[in-house]
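Below is one structure, written out as structure tokens; the observations come after it.
The values are calculated or read from the model by the stated rules, or taken from the named source; none is laboratory data. None of these values were measured; they are calculated from a predicted model. Note: ideal-geometry Cβ built from the backbone for every residue, glycine included; neighbour counts use all protein chains shown. When the accessible area is computed, the model is the full protein with side chains, heavy atoms only, and any ligands, DNA or RNA have been set aside. Shrake-Rupley method; radii C 1.70, N 1.55, O 1.52, S 1.80 Å.
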Amino acid sequence: MFGIVRPCRHRLPEGLAEEWKGHLCGLCLALRGERGQAARAATNHDGLLISVLYAAQARPVSDEEGWRRAGPCPLRGMRRATVARGEGARLAAVVSLVLASAKIRDHVADGDGALARPLVAAAARRVASTWETAGTRGGEGLGFDAGVLVAAVERQQEVEALAGPGTSVLAVTEPTETAVAAAFAHTAVLAGRPENGEALAEAGRLFGRVAHLLDAVEDLDADRTAGVWNPVTATGTPLAEVRRLCDDAVRGIALALADVAFTDDRLVRALLTGELEHAVHRTFAHAQPPGQHNPFGPHGTPYVPPGAEYESRRERRRRKRAERRARRQQRRRGRDCSDCCDCCSCDC
């Protein structure tokens, strides 16, 4: 499963972790309903944000209307679970199908891995085409024009072809911003809160920017090695500037959400503020400018170049244990009367 918002259950208290998992499983099952079992491979952590936004705005309903019990699944250890259903999960599935089809075409164009083989590439194009068709058809049933997403995907290729050194990296992220803004805004329509549309469109535009930039930064080293086009290197944008754009976008999302009327916004804010900020820190902590020290290392730790010697987890545990033993022995050897209680009768 791909996506930039990948929360840890320990950072989602008070039942939010189970609610998040319910939206994830609901998206998976909605994808199956739209395009069969194979479409469940398009399940992603970012797509379920559509379902979360819809549920956060929807009027209070009974559990039977917004959720349902799902059967055993191997990914849940063959346990049953309560999962999201309804228009929010269906819209998330539609968006995920269309954007996944675009991602497949992008990998085919780059010739990544097995997709460099003509037969495999042809099969992948057929899958992308069927997913796009299913997404468009599903969007019509929800009153959502999936053509906005398709047009954004097509425009993305044109923008990338024209981009070069000196081009603003925001010109490259604009199609993604437009697509995500349309999807976020439509959750307000489905939830019966059209007044939220403008603020959610702004939040979606900024989220699309962050998602595009973080994906580019994560692929930076691999794209350099393979000689694949990357918006950061193609436009010559410094990593420090990319980080600034991401931080500004995260703050802008928080401001936009403040103007949205929610029924229950706990999970939305946990994902789109806290977890998104964590994703930015995580991505840039592993980003390395070519020939430079990594200024974004966690807690100021230095960057370790590929191939350099590093301390394994087992070696680190052994070293820590040895250091603790050495400290205990040093305390024993240096103990004097001041270390004892007042009532003892030691002869030291």
The chain, Gaussian network, Cα under 10 Å: of Arg125, Arg11, Arg314, the residue fluctuating most is Arg314
Simple spin-label model, 7 Å along Cα-to-Cβ: Glu195 to Glu241 in nm? 4.1
What is the magnitude of the charge dipole of region 112-271 about its Cα centre, with +1 placed on the Cβ of each Lys and Arg, -1 on the Cβ of each Asp and Glu, and no other charges, expressed in debye to the nearest 20? 300
Considering only protein heavy atoms, with the full assembly of protein chains and a 1.4 angstrom probe, order Ser129, Ser96 by accessible area, largest first. Ser129, Ser96
Estimate the FRET efficiency between Leu255 and His281 by the formula 1/(1 + (r/R0)^6), using the beta-carbon distance for r and 25 Å for R0, to the nearest 0.05. 0.80
Full extension from Arg318 to Ser168: what is 0.36 nm times the residue separation minus their Cα-Cα distance, to one decimal in nm? 49.1 nm
With a 1.4 angstrom probe the carbon and sulfur portion of accessible area for the chain, in percent, totals 53
By accessible area of protein heavy atoms, probe 1.4 Å, what ranking do Arg266, Arg126, Arg137 get, highest first? Arg126, Arg137, Arg266
Accessible area, 1.4 Å probe, largest first: how do Lys320, Lys21 sort? Lys320, Lys21
Give the calculated FRET efficiency between Arg137 and Lys103 to the nearest 0.05, with a Förster radius of 22 Å applied to their Cβ-Cβ distance. 0.65
Once all protein chains are kept in place, Asp259 shows an accessible area at probe 1.4 Å, nearest 10 Å², of 120
Among [x] 0.99; [y] 1.22; [z] 1.30, the entry that matches Cα Rg over 2.2 N^0.38 Å as calculated here: [y]
Once the dipole of the chain is set up from charges on Cβ (+1 Lys and Arg, -1 Asp and Glu), the residue from the list Val153, Leu75, Val127 lying farthest towards its positive end is Leu75
Connecting C-alpha atoms closer than 10 Å in a GNM of the chain, tell me which of Ala30, Ala254, Ala56 has the biggest fluctuation. Ala254
State in Å² the accessible area per residue of region 141-230; use a 1.4 Å probe, count heavy atoms of protein chains only, and round to the nearest integer. 41
Which residues in region 4-35 have a backbone N closer than 15 Å to a point placed 7 Å from the Cα of Arg269 along the Cα-to-Cβ line? 12-14, 16
Just how large is the dipole of the chain about the Cα centre, in debye to the nearest 20, putting +1 at every Lys and Arg Cβ and -1 at every Asp and Glu Cβ? 2200
What residue among Leu190, Leu119, Leu48 shows peak mean-square fluctuation when the chain is described by a Gaussian network model with Cα springs under 10 Å? Leu119
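What size of dipole, in debye to the nearest 20, comes out for region 16-147 about its Cα centre when the only charges are +1 on Lys and Arg C-beta atoms and -1 on Asp and Glu C-beta atoms?
The dipole magnitude comes to about 540 debye.
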In the chain, if the dipole is taken from +1 on Lys/Arg beta carbons and -1 on Asp/Glu beta carbons about the Cα centre, which of Gly227, Leu99, Thr237 is farthest to the positive end? Gly227
